[in-house]
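Data block below; observations after.
Just so it is clear, none of the values below were taken in a lab; they were calculated from the coordinates. Quantities reported herein were computed from a predicted structural model and do not represent experimental measurements. Here the Cβ is made from the backbone with ideal geometry for all residues, glycine too, and neighbour counts use every protein chain on show.
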Ligand SMILES: CC(C)(COP(=O)(O)OP(=O)(O)OC[C@H]1O[C@@H](n2cnc3c(N)ncnc32)[C@H](O)[C@@H]1OP(=O)(O)O)[C@@H](O)C(=O)NCCC(=O)NCCS
């Protein structure tokens, strides 16, 4: 699946390209929330960091191990965020990751994008389960998961060593059967 595109009422989700590099760097440098809430995001964020990310993104798509989408507003088309699925094929499950540029927060875009990605994961990739975690210091992300229909699975204590500290995360998930019953 080399070229994929999903549409929602306000957004297009499509494969990130090298033309998106400048926007990617701009968003990552707009505030420290990205490095605090995500892995492998240094602050400040350089063009080389973004080039490495794009390479990983391409490798994941080529191998079928991960699918990352650029989130774009329909009319404008620029990258305003990223949403991705990282597969564990033998269990037909995937871990979800996402971010949205600061200027676009609070519009419900992420919740809209998540539903389209669930459809892609369950229908096109034949997944059975999609899950995600968020740091306790990032409750907005947990709220996004709840709004998209994911269920709380538990608190994982000191699950990750991040920025010099062991941090707790909340884990949420959605099963194919439950997604089908709400969509
Ligand atoms: C997490 C993120 C994607 C949310 O984007 P967003 O555009 O604000 O999301 P939405 O508008 O769809 O919803 C956010 C919800 O969280 C709520 N919220 C915001 N700040 C909150 C807080 N401090 N505590 C509790 N809820 C909060 C909002 O009120 C909203 O809920 P509502 O619609 O019921 O009012 C965005 O903040 C982001 O990209 N952050 C940096 C990267 C990141 O954290 N990625 C996720 C890693 S797990």
> For the chain, what log10 I(q)/I(0) values come out of the Debye formula at q = 0.10, 0.17, 0.18 1/Å, with one point per alpha carbon and no solvent?
Replying inline: -0.37, -1.20, -1.36
>> Need one number: nm distance between label points at residue 136 and residue 156, each 7 Å from Cα along Cα→Cβ, rounded to one decimal.
In response: 1.6 nm
> What is the calculated FRET efficiency for residue 167 to residue 147, with r their C-beta to C-beta distance and R₀ = 22 Å, to the nearest 0.05?
Replying inline: 0.40
>> If I model a spin label at residue 89 and residue 7 as a point 7 Å from the Cα along the Cα→Cβ vector, what separation in nanometres do I get?
In response: 3.1 nm
> If you take the beta carbon distance between residue 103 and residue 19 as r and set R0 to 30 Å, what does 1/(1 + (r/R0)^6) give as a FRET efficiency, to the nearest 0.05?
Replying inline: 0.95
> Tell me, 99, 105 in order of fewest to most beta-carbon neighbours within 10 Å?
Replying inline: 105, 99
> Using a Förster distance of 30 Å, how high is the FRET efficiency between residue 36 and residue 119, based on the Cβ-Cβ distance and rounded to 0.05?
Replying inline: 0.50
> Quick one: 76, 130, fewest Cβ neighbours within 10 Å first, how do they rank?
Replying inline: 76, 130
>> If I stretch the segment between residue 29 and residue 73 completely, what's the gain in nm (0.36 nm per residue apart, minus their alpha carbon distance), one decimal?
In response: 13.8 nm
> In percent, what relative contact order does the stretch 1-126 have, based on Cα pairs under 8 Å that are 6 or more apart in sequence?
Replying inline: 26 percent
